[in-house]
Amino acid sequence: MTEKKEQRKIFEYLDYRQFLQDYYQSKKAENSAFSLRAFSDKIGFKAKDFISRVMQGDKNLSAQSIQKIISGLKFGKREAAFFEDLVWFNQAETMEEKNSWFQKMQNELKIVRFTAGQHQLAFYQYQVYSHWRHLVVRSLIGMFGFHGDFATLAKSVHPPITIDEAKESVALLEKCNLVKEEEDGSYVLVNKDITTGDRTSRIALRGFHQHCLALGAASIDRDPPQLRNISGLTLGISQSAYEKIVERMSAFRKEIAQIADEDEEADKVYQLQLLLFPIGGKL
């Protein structure tokens with residue numbers, strides 16, 4: 001007998017499409033007759049394929065569609081407000097807009113009282129990846145230890161950050177259980193290695209990579225050649241060749257991570273970005 005999975009609450013999501021997919025799969029598991037047509041009827045959409053296209057990312061929701069889903073799924077006041085903010089957050093076109101909607105979602109969460117810490121994990125995760133400095137601070141704590149000297153910690157980041165930013169990063173890393181404070185006031189890593197994993201929000205990672213790419217571009221002028229390595233190739237390839245290259249890049253990334261893991265003399269934090277993207281093709 002298949003074990004029934006408990007439906008996660010809307011407050012645990014950073015992607016409304018994933019929420020809708022999980023909701024549908026949950027109902028399908030309860031009743032095999034629950035189809036996409038039935039799902040569409042439940043939330044008041046006449047086009048039977050509309051909700052499917054929304055879940056797949058081919059269609060966005062309008063203000064009217066949002067209200068239909070809220071009514072069809074019988075959301076409470078807080079759930080409805082959070083879901084609407086979540087949709088606009090996902091569909092925002094700029095990071096400034098995303099951050100604005102994210103703050104509104106956070107305000108809703110302050111009103112809702114959770115009993116399980118995991119409900120806030122996705123939001124702390126978004127904040128960790130919202131700026132490159134948070135993971136740099138974590139790496140510095142792991143390499144050199146940290147005893148509360150925020151001024152030195154701030155200067156150790158390259159380019160330097162402010163003392164307040166260093167304090168904010170450490171506090172956030174504590175909330176995420178990525179670092180912890182010992183009885184003597186020192187900070188240590190909870191786990192030496194971390195990975196984004198399958199549940200890491202694509203939205204959170206998108207902002208993180210945008211920050212890192214901008215940081216890398218600035219490094220060309222900021223850092224001397226002996227401290228950086230920037231190179232590239234322009235290639236004409238097929239889809240099958242692309243997939244082979246991605247596979248090799250993945251293997252290479254794991255090999256690099258292993259080299260870093262075995263390095264007992266680490267004294268600097270580097271950011272490695274592997275890029276492969278289309279810049280031309282058939283018209």
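The values are calculated or read from the model by the stated rules, or taken from the named source; none is laboratory data. A quick note: this is a predicted structure, and the numbers were derived from the prediction, not measured. Reconstructed Cβ throughout: ideal geometry from the backbone, glycine too, with neighbour counts over all protein chains shown. Areas reflect the complete protein model, heavy atoms only, side chains present, ligands, DNA and RNA absent. Shrake-Rupley method; radii C 1.70, N 1.55, O 1.52, S 1.80 Å.
Residue by residue, here is whether (1) among the small types (G, A, S); (2) within 24 Å of I111 (Cα to Cα); (3) more than 21 Å from the chain's Cα centre (by Cα) holds:
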| site | (1), (2), (3) |
| --- | --- |
| F11 | no, yes, no |
| L14 | no, yes, no |
| S62 | yes, no, yes |
| G72 | yes, yes, yes |
| E79 | no, yes, yes |
| F83 | no, yes, no |
Return yes when I141 is touching a helix residue (DSSP H, G or I) at 6+ places or on another chain (Cβ under 7 Å) and at pLDDT 70 or above and no when it is not. no
Working only within the stretch 226-283, note down all residues that are open to solvent by 100 Å² or more (accessible area, probe 1.4 Å), farther than 25 Å from R138 by Cα and aromatic (F, W, Y). F277
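Given the structure, is K192 modelled with pLDDT under 90, surrounded by fewer than 18 Cβ atoms within 10 Å (Cβ to Cβ) and within 30 Å of L86 (Cβ to Cβ)?
Working: modelled with pLDDT under 90: yes; surrounded by fewer than 18 Cβ atoms within 10 Å (Cβ to Cβ): yes; within 30 Å of L86 (Cβ to Cβ): no.
When the stated conditions are applied, K192 does not pass them.
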Taking the stretch 175-188 and keeping residues in contact with a strand residue (DSSP E or B) (Cβ under 8 Å, 6 or more places away or on another chain) and at pLDDT 90 or above leaves V179, K180, E181, E182, S186, Y187, V188
